[in-house]
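Written below as structure tokens is the structure these notes are about.
No value in this document is a laboratory result; all are computed from the given coordinates. Just so you know, these numbers come straight off a predicted model, no measurement behind them. Quick reminder, even Gly has a Cβ in these numbers, built from the backbone with ideal geometry, and neighbours come from all protein chains shown.
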Amino acid sequence: MTEIMFWEAIMRAHDEEMANDPMVIAMGEDIGVVGGTYKATLGLYEKYGEQRVIDTPISENGYTGLGIGASFLGVRPIIEIMSVNFAWLAMDQIFNTAAKVRYMSGGQLQAPIVVRSPGGTAHQLGSQHSARMEKVFMGIAGLRVVTPSSPRQAYGLLKSAVRCNDPVFINEHELMYNMKGEVPDEEYFHPLEGSEIAREGRDVTLFGYNISVHWCLQAAALLSKHHGIEAEVIDLYTLSPLDREGIRNSVSKTHRAVIVEEAEPAVGVGAEVMAIINEECFFELDAAPVRVSALNVPIPYNHAMEKAALPDANDVVAAVRKIFGI
Amino acid sequence: MKNTDKKRVLREMLFARRFEERCYEAYVERNIGGFLHLYPGEEACAFGVLEAAQPGHDYVITSYRDHVHAIKSGSDPRHIMAELFARETGVSKGRGGSMHIFDVAHRFMGGYALVGGPFPLAAGIAKGIQMQGGDEICICFLGDAANNQGTFHESLNMAALWKLPVLYVCENNLYGIGTRIDRSTAVVDQYQRVSAYNIPSAQEDGQDFDLVNRAATKAIKHVRSGKGPYFLELMTYRYRGHSMSDSNAYRAKTEERMWSGRDPVIMLRDRLIEAGELTLDEYKDMDTDLLDEIEDEVIRFATESPEPNIADVEKYVLAENDPWVKGGVQS
């Protein structure tokens, strides 16, 4: 195990997969000569050349569609969309082509692309650079959606996503690229389905994904220290398909559930996990599940207002205390 | 091209015409559902271009008006009709329908229903060809109205920038659904629009097989030689409405008569008759044979084919048993 940064983990996964298979390419805005806005492709242009590390024009739908077309011939494109807000422009090609082509061709074609993009709210980037779009991607049949919470997951998920024959959307986070974490020294492929127990507990389950896993872990520490409540934290690194078994197992153990999402509540991860709890283990519940979400507003520029619009560990603690009536 | 080859092409074009007309009947008979976009009037475009290419070797991609391009790429018409009849024996196993004909074995990479959607896909296929180092090209057939989508500009820019081996064929039938081109498009001559991307282009009479074939031969030579993309605009006309749900009330009868007077099948037929290669009786016999073939083989095959098994409705959503979903085989 070596401790590296999140961006280094992504860069290492690119490097290994490009060395392993000459059909793996990287595409996106400023990913080549500049090395990537978040350094996730640093040094690859020099190593693999401009045919395989492609600085694209600012044409999100166009270059995503180009990557999809190339994938029909066995190319494995890793497409970086600089900010998830810009991924709206590529929705046509991702949803209408990549997610549907296997089905509507009766299994003849597949679009094994990887689209990586940072979602989430950073610091004072304003409404059009602060979107959280995982809820949009996870509702589309034919598309896999994963979202790493650590450098280890970022590395292993990207490696598996490159080799998987389905289109995979990887939801990253602008604030996490400099996060440090241990990554195995040997090659490691993370499963694209399932969930992980980030902290064992017995009293309540906190469901998080990507950055909200860390809010859940902070909240669990506070709950243990101040209230004697031992929370289990489940890391939903796969958003599509959600891990029904993992959700059921944890709720059957703790009998209480809080879902923590950075996005607005409507039609989101919280709503979906609640529906799964209802379907899978309703009679295990000792209390109604609760979701901790962002306010239903475009993200404001003012920093205090921005903070007010987003949930944090204290909101998670408050939600758990309310469940326990303390 | 030799006259014997032209006679073969005439037969193929007439087959395509009769195939599409039979689709119309099958739609009225309710054997075909959903949307149906037919090709009569535009046959010289697909045949003129693909006769100059290497169907089955070169990749072809197009819009939802896709049956004839697939047939000329090498698809078995019986399996295309079976697709329209939503049968398991259809080229796309009854999951695609008229707008989503796919036959990857013949390098027919699909029909797509979003106007302008195939522009970047074609550039991507060309990128794949470039990486594999083969001599194939990708030929993308789309209508004039697709050129008002952002994908047109985004894709032409990248195709020119990276010298991708792609031929864009614009079948300019003068209408985007029901809106005439001069009411939707500031620059009516489509071949002029690509000069903004330094892409060589030409405009040709899309009703005349010989002229299309000559222009396409030049275009394909350019693309195959590694010089990058080419844009060929073909002036043509569809006899029917945009789709079966289109009443076709927006076009003047004089305009329709003018275009049907320049029918691509009849023009090629008359040229062969003039050259002494064909008689009118031979042509009529050919037509009767084709109508019989469509009824006895194509329609019969589609009618007798089984529907897909309902239990398979979730098949083909994702790859089956992909090991990397589980993290692969750990080494």
(request) State the answer as a single residue: which of A:Gln124, A:Asn178, A:Phe189 lies farthest towards the positive end of the charge dipole of the protein assembly as shown, with beta carbon charges of +1 for Lys and Arg and -1 for Asp and Glu, about the Cα centre. (result) A:Gln124
(message) Given Cβ point charges of +1 (Lys, Arg) and -1 (Asp, Glu) and nothing else, what value in debye, to the nearest 20, does the dipole of region B:34-103 about its Cα centre take?
(response) 260 debye
(request) Could you tell me, in Å, what Rg and Dmax come out for the Cα atoms of chain B? (result) 20.2, 72
(request) Assign unit charges at the C-beta atoms only (+1 for Lys and Arg, -1 for Asp and Glu), then state the dipole size of region B:3-326 relative to its Cα centre in Debye, rounded to the nearest 20. (result) 1140 debye
(message) Calculate the FRET efficiency for A:Ser224 and B:Glu274 from the Cβ-Cβ distance with a Förster distance of 60 Å, rounded to the nearest 0.05.
(response) 0.05
(message) Are there any trypsin sites (Lys or Arg not before Pro) in region B:180-259 that are in a DSSP loop and have at most 15 other Cβ atoms within 10 Å? List them by number.
(response) B:Lys227
(message) So if a site counts as exposed when it's one of the GluC sites (Glu not before Pro), its DSSP state isn't H, G, I, E or B, and it has at most 12 other Cβ atoms within 10 Å, what's the longest stretch of chain A without one?
(response) A:51-185
(request) Evaluate E = 1/(1 + (r/R0)^6) for B:Asp182 and B:Gln54, where r is the Cβ-Cβ distance and R0 equals 51 Å; express this FRET efficiency to the nearest 0.05. (result) 0.90
(message) Let's test the formula: R0 of 30 Å, r as the Cβ-Cβ distance of A:Asp30 and A:Ser127. What FRET efficiency results, to the nearest 0.05?
(response) 0.85
(message) I'd like the trypsin sites (Lys or Arg not before Pro) in region A:142-232 restricted to DSSP loop residues with at most 12 other Cβ atoms within 10 Å, sorted by number.
(response) A:Arg202
(message) More than 25 angstrom separation, counting every C-alpha pair in region A:196-324; what % is that?
(response) 18 percent
(request) Treat the protein assembly as shown as a sphere of radius equal to its Kirkwood radius over Cα pairs and apply Stokes-Einstein at 25 °C in a medium of 0.890 mPa s; give the translational diffusion coefficient in µm²/s, rounded to a whole number. (result) 91 µm²/s
(request) Compare the Cα positions of A:Thr2, A:Gly74, B:Leu156 along the charge dipole of the protein assembly as shown (+1 at Cβ of Lys, Arg; -1 at Cβ of Asp, Glu; about the Cα centre) and return the one farthest towards the positive end. (result) B:Leu156
(request) Place +1 on the Cβ of every Lys and Arg and -1 on the Cβ of every Asp and Glu in the protein assembly as shown, take the dipole about the Cα centre, and give the residue among B:Pro77, A:Val34, B:Ala275 whose Cα lies farthest towards its positive end. (result) A:Val34
(request) Can you tell me the dipole magnitude for chain A around its Cα centre, using point charges on the Cβ only (Lys, Arg +1; Asp, Glu -1), in Debye to the nearest 20? (result) 480 debye
(message) Using the Cα atoms of region A:2-183, I'd like the radius of gyration and the largest Cα-Cα distance, Dmax, both in angstrom.
(response) 15.0, 46
(request) Compute the distance in nm between two label points, each set 7 Å from the Cα along the Cα-to-Cβ direction, one at B:Asn198 and one at A:Lys322. (result) 6.1 nm
(request) Please work out the C-alpha center-to-center distance from region A:7-82 to region B:152-214 and express it in whole Å. (result) 30 Å
